[in-house]
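Colleague: Quick one: the structure is below, questions incoming.
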Amino acid sequence: MTTQSPGPGRRLGRALALGLVLTTAVTATSTAASAGTAPPRTPDFGPNVTIFDPSMPVSEIQAALDAAHAKQVNNEMGTNRYAYLFKPGTYGSAERPLQFKVGYYTEISGLGASPTDVTINGKVEVYNRCLADGGTGNCLALVNFWRTLSNLSININAKGQDDCRSTANFWAVSQAVSMRRLNVSGGGLSLMDYCTAGPQYASGGFIADSRLPSTTNGSQQQWLTRNSELAGWSNGVWNQVFAGVVGAPADAGFPSPPYTTLETTPLSREKPYLFVDAKGAYQVRVPAARRDTRGVSWANGMTPGRTVPISEFFVAKPSDPVQVINNQLARGKHLLLTPGVYDIARSIEVKRPDTVVLGIGHATLTAVRGAIPLDVAGVPGVIVAGVTVDAGLKESPVLLRVGQKYGRNDSNPRNPITLSDVYFRVGGPHVGKADTALEVNSDHVLIDHTWVWRGDHGVEGFTGGVNGDTQRWKTNTGRYGAVINGDHVTATGLFVEHFQRYNTVWNGEHGTTILYQNELPYDPPTQADWMNGDVEGYAGYKVGDRVRHHTLHGGGVYVFNQNNPSIHTENGFEVPVTPGVKLHHIMTVNLSAGTIDHVVNGVGEAADMTRVGQPVYVAEYPIP
């Protein structure tokens, strides 16, 4: 959820090249001295990847990360992308902890085979972002997007922080932020920042494959925790979902508390990750797909799956032409996209089974001349992870296509195509145009955390007011967010917002969604612009009329018709009335403008201006 229109950040931090040079030099010297032979060559990940070694002074690492945060904390719509990777070892100490904050388009990841191989004694945090009065007012977490934390241990050490900050490790984030493969101990984790101007709303988020201490949800409007272990969980706002989580709160009394809990996750595959092996060689671990799982994947050793040497990847940079990338894929290479913005005027084509496309540092593919930036064949085992796909100035028919809509798709239920931390934008950094953001035509696809976003704010501005922003409605165009045509598609963490027709259309059979979050578009100028034939508006989640089997666990549709508060949407959810289509724990809510007349198919009271911020819940549909 976003309700503000922050401008692009202007603060500049110092360059990090010195830190990268120092890291490489120290690593090469120490390894060669101990082994007596030349160490394995570090891949060329480009200038925006910094690799830390535990032999580096904490002061140097601290300075590099502080400069990165200063550069990125307000750079919401910028083009800079960064990854900071930690080799196995310990960073910081009891007396001198490593405490740092994470800004936009920044990935913080360990390079161990297990999360316990890299330990940070200190804190890794995100605070509320202050948007007014020179950075002291209007402090919130609603626009804290696009950052990644993964594959390491945090031994929380708050030494030197004030009384409020010392109470927890703060991670106040919203959409397109993932926490994966974490081992956190030594204190509490808070998913809100109650120190900067008090508790403020946040609209995240996602945790997977992590072992966590007592966690305070607080102001998070929705959250998915999957395949993890919790020492405890407190509070919740509207829609908190747990799947395969040891220590999850009970699914009882909904909506008070607003918890949806599944004992196991029906289908999961952890995200691929870089690691350095015992000889110092870089590898990519590619986890296997698993069914009916619970708890972390690394409890009894290395995450089940296969290891792929970095030599089998084409390590791409934004300057590489698409033709070169496609030639490498055709030769059988996997693809690693280093941080940066890639202009894509013809599709990157992934045709071979079991191909891995791994982005680091929020690598971003931007459509040029109406291209489809990423086209994935309907073949078994393809994995796309850590990639953002942006619409361009000319309309693209789709931004990421999985399988062919017409023709044969060769899918495999034991080896599903998987999308992990794949994000979409139509507008924001520039005007964008797309008919559909994500189109899934193949059967047996797993979508594990995505944010599909038509920008409600950005560098081109958002004026608001009744009938005051017709320009955005007509120029920043995106009709459909996610269109699922394949059968047996599973989505764990499906966030889709602000599209001009259906945000999600699910036409395939036997689909499953575990946590759905949607916000309807802010900006229809008039009711006439927001009509589906004779029906007022488009549901935020539409299951096709011919579908006979579909399941949704934990869904929310929000309305904030800022441009014209008189606009109505008839239903938040629209599904066929049949015993095989089941919705468990769904809700609508009015954020301060507009009306959703019913939750689902005419059932449920109106989320209107008389109950701002008060959700309307339907525990089960069809109603027992």
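Colleague: Could you grab the pairs with beta carbons closer than 6 Å, sequence gap of 6+ or different chains, first residue in the range 536-564 and within 16 Å of residue 613 (Cα to Cα) and of a type in the set (Val, Ile, Thr), second one in a loop (DSSP other than H, G, I, E, B) and at pLDDT 95 or above?
Modeller: 557/540; 559/520; 559/594
Colleague: To continue, here is another question. Select from the range 44-75 the residues that are closer than 26 Å to residue 310 by Cβ and surrounded by fewer than 17 Cβ atoms within 10 Å (Cβ to Cβ) and list them in ascending order.
Modeller: So in the range 44-75, the residues closer than 26 Å to residue 310 by Cβ come out as 44-56, 60-61, 64-65, 68.
Hits for the range 44-75 are 44, 47, 55, 60.
Colleague: Check off (1) out of contact with any Phe, Trp or Tyr (no Cβ under 9 Å at 6 or more places or on another chain); (2) in a loop (DSSP other than H, G, I, E, B); (3) buried (at least 24 other Cβ atoms within 10 Å of the Cβ) for residue 339 and give me the number that stays unchecked.
Modeller: Every listed condition holds for residue 339 apart from (1).
Colleague: Also, quick follow-up: For residue 187, only one of the following conditions fails: (1) buried (at least 20 other Cβ atoms within 10 Å of the Cβ); (2) assigned to a loop (DSSP other than H, G, I, E, B). What is its number?
Modeller: The single condition residue 187 does not satisfy is (1).
Colleague: Okay, moving on. Residue 511 versus (1) more than 14 Å from the chain's Cα centre (by Cα); (2) crowded, with 24+ Cβ neighbours inside 10 Å; (3) closer than 17 Å to residue 437 by Cβ: which is the lone unmet condition?
Modeller: Result: residue 511 passes all but (3).
Colleague: As an exercise: evaluate residue 394 against (1) out of contact with any Lys or Arg (no Cβ under 6 Å at 6 or more places or on another chain); (2) in a loop (DSSP other than H, G, I, E, B); (3) of a type outside the set (Phe, Trp, Tyr); (4) more than 20 Å from residue 485 (Cβ to Cβ) and give the number of the one condition it does not meet.
Modeller: Condition (1) is where residue 394 drops out.
Colleague: To continue, here is another question. With the condition kept exactly as written, say whether any residue in the range 545-568 is buried (at least 24 other Cβ atoms within 10 Å of the Cβ), within 24 Å of the chain's Cα centre (by Cα), polar (S, T, N, Q) and under 18 Å from residue 260 (Cα atoms).
Modeller: Within the range 545-568, not a single residue is buried (at least 24 other Cβ atoms within 10 Å of the Cβ), within 24 Å of the chain's Cα centre (by Cα), polar (S, T, N, Q) and under 18 Å from residue 260 (Cα atoms).
Colleague: I need every pair where a residue in the range 283-305 that is within 17 Å of residue 151 (Cα to Cα) has its Cβ under 6 Å from the Cβ of a residue that is of a type in the set (S, T, N, Q) and surrounded by fewer than 17 Cβ atoms within 10 Å (Cβ to Cβ), sequence separation at least 6 or different chains.
Modeller: 283/307; 285/307
Colleague: Return yes or no: is residue 330 more than 25 Å from the chain's Cα centre (by Cα), under 27 Å from residue 373 (Cβ atoms) and either among the aliphatic types (A, V, I, L, M) or surrounded by fewer than 19 Cβ atoms within 10 Å (Cβ to Cβ) (or both)?
Modeller: Yes.
Colleague: Could you run through the range 601-619 and say how many residues are in contact (Cβ under 8 Å) with a residue 40 or more places away in the chain and under 27 Å from the mean Cα position of the chain (by Cα)?
Modeller: Of the residues in the range 601-619, 3 are in contact (Cβ under 8 Å) with a residue 40 or more places away in the chain and under 27 Å from the mean Cα position of the chain (by Cα).
Colleague: Would a scan of the range 248-269 turn up a residue that is part of a loop (DSSP other than H, G, I, E, B), crowded, with 18+ Cβ neighbours inside 10 Å, aliphatic (A, V, I, L, M) and touching a residue at least 24 places away in the same chain (Cβ under 8 Å)?
Modeller: No, every residue in the range 248-269 fails to be part of a loop (DSSP other than H, G, I, E, B), crowded, with 18+ Cβ neighbours inside 10 Å, aliphatic (A, V, I, L, M) and touching a residue at least 24 places away in the same chain (Cβ under 8 Å).
Colleague: Would you confirm, using the coordinates I've provided, whether residue 297 is surrounded by 18 or more Cβ atoms within 10 Å (Cβ to Cβ), assigned to a loop (DSSP other than H, G, I, E, B) and at pLDDT 95 or above?
Modeller: yes
Colleague: When residues of the range 602-624 are filtered for being loosely packed, with under 12 Cβ neighbours inside 10 Å and of a type in the set (Ser, Thr, Tyr), how many remain?
Modeller: 1
Colleague: Now, a different point. Pairs under 6 Å by beta carbon, first residue surrounded by fewer than 24 Cβ atoms within 10 Å (Cβ to Cβ) in the range 571-582, partner assigned to a loop (DSSP other than H, G, I, E, B), six or more apart or different chains?
Modeller: If the second residue must be assigned to a loop (DSSP other than H, G, I, E, B), the pairs left are 574/539; 576/545; 576/547; 578/548; 580/548; 580/549; 581/575.
Colleague: Continuing with the same structure: Could you say whether any residue in the range 458-478 is modelled with pLDDT of 95 or more, within 29 Å of residue 266 (Cα to Cα) and buried (at least 24 other Cβ atoms within 10 Å of the Cβ)?
Modeller: no
Colleague: Among what's in the range 412-432 and is more than 24 Å from residue 147 (Cα to Cα) and surrounded by fewer than 22 Cβ atoms within 10 Å (Cβ to Cβ), pick the residue that is nearest to the chain's Cα centre (by Cα).
Modeller: Residue satisfying both the conditions and the ranking: 415.
Colleague: Is the range 362-378 home to any residue that is among the β-branched types (Val, Ile, Thr) and farther than 17 Å from residue 322 by Cα?
Modeller: No: zero hits.
The values are calculated or read from the model by the stated rules, or taken from the named source; none is laboratory data. Everything quoted here is computed from the prediction, not taken from an experiment. In this analysis, Cβ positions are derived from the backbone assuming ideal geometry, glycine residues included, and neighbour counts consider all displayed protein chains.
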